[in-house]
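Notes follow the structure.
The values are calculated or read from the model by the stated rules, or taken from the named source; none is laboratory data. Not measured: the values here are computed from a predicted model. Glycine also receives a Cβ, built like all others from the backbone with ideal geometry; neighbour counts cover every protein chain displayed.
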Amino acid sequence: MKPKAKAEFVLLPVPTRDGKFIARYSEKGLAGLEFPSAVGLARRADRTPQRGIPTSSIRRWHRATAAALKRALAGRAPGVLPPLDVSVGTAFQQRVWSALRKIGCGQTQSYGEIAQAIGKPKAVRAVGGACGANPIPVLVPCHRVLAANRKLGGFSGGLNWKRTLLAREGVVLASGR
DNA sequence: CATCCAGTATATA
DNA sequence: TATATACTGGATG
């Protein structure tokens with residue numbers, strides 16, 4: 001199953017005490033979330049707050065996103081999430097992301113455990129790839145996946161974010177890296 | 001301990 | 001078609 005080729009998105013800013021995140025919505029729901037470093041997107045989001053798929057749904061989803069994101073950044077369970085549009089991902093990636101959402105707040109799993117959970121115990125490395133391709137970090141907790149030795153591994157939004165998010169949830173990492 | 005390798009799904013060139 | 005990855009466990013020097 002190949003991901004959908006193209007789609008139109010609505011960008012909306014989510015101001016938090018950690019900076020301005022950018023949420024991306026499709027007609028199906030929340031389709032992406034960017035860390036505050038994406039300055040270009042931030043400006044686009046400011047300039048054209050809503051058009052494209054203007055519906056009251058998006059505003060409703062956005063309130064849920066903003067609330068969930070702030071709770072997640074505080075190290076608490078995000079609570080109710082808006083519908084997530086994962087149609088940009090392959091079937092494999094969607095299974096990985098689904099498994100990620102089952103990791104509880106303050107808990108972690110290894111890439112290998114995720115691979116087992118989706119029934120492909122050898123596709124460990126591919127799981128890493130799927131985590132990196134996760135379009136909705138923080139709310140789809142790719143940061144709770146550690147290497148087998150309980151060390152950090154990588155993080156597309158920057159390892160600092162991964163460390164920070166885990167620390168706020170009270171997760172203790174192996175020392176060194 | 002340092003390398004290397006297979007196995008896997010994707011992306012990129 | 002080849003190579004490189006947010007991996008991991010086992011083999012080898």
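Residues of the range A:131-177 being more than 18 Å from residue A:17 (Cβ to Cβ) and charged (D, E, K, R), which ones?
Within the range A:131-177, A:144, A:150, A:151, A:162, A:177 qualify.
Of the residues that make up the range A:138-150, is at least one at pLDDT below 95 and of a type outside the set (Gly, Ala, Ser)?
Within the range A:138-150, the subset at pLDDT below 95 is A:149-150.
Next cut, of a type outside the set (Gly, Ala, Ser) only: A:149-150.
Checked against the condition, which is being at pLDDT below 95 and of a type outside the set (Gly, Ala, Ser), the range A:138-150 yields at least one hit.
Identify the residue in the range A:160-174 that is surrounded by fewer than 18 Cβ atoms within 10 Å (Cβ to Cβ) and within 16 Å of residue A:110 (Cα to Cα) and, among all such residues, is nearest to DNA strand B (Cβ to nearest atom).
Start the filter on the range A:160-174 by keeping residues that are surrounded by fewer than 18 Cβ atoms within 10 Å (Cβ to Cβ), which leaves A:160, A:163-164, A:167-168, A:170, A:172-174.
Checking the rest, the ones that are also within 16 Å of residue A:110 (Cα to Cα) come to A:163, A:172-174.
On the way: A:163: 23, A:172: 21, A:173: 18, A:174: 13 Å.
The qualifying residue nearest to DNA strand B (Cβ to nearest atom) is A:174.
In the range A:125-177, how many are touching a strand residue (DSSP E or B) at 6+ places or on another chain (Cβ under 9 Å) and small (Gly, Ala, Ser)?
So the answer is 6.
Please count how many residues of the range A:137-152 are within 16 Å of residue A:105 (Cα to Cα) and out of contact with any His (no Cβ under 9 Å at 6 or more places or on another chain). Lay out the reasoning, then the answer.
Within the range A:137-152, the first condition is being within 16 Å of residue A:105 (Cα to Cα), and the residues that meet it are A:137-146.
So of that shortlist, the ones also out of contact with any His (no Cβ under 9 Å at 6 or more places or on another chain) come out as A:138-146.
Result for the range A:137-152: 9.
Please state which one of A:112, A:119, A:89 is within 14 Å of the chain's Cα centre (by Cα), within 12 Å of DNA strand B (Cβ to nearest atom) and modelled with pLDDT of 95 or more. Lay out the reasoning, then the answer.
Values: A:112 fails: within 14 Å of the chain's Cα centre (by Cα); A:119 fails: within 14 Å of the chain's Cα centre (by Cα).
The unique qualifying residue is A:89.
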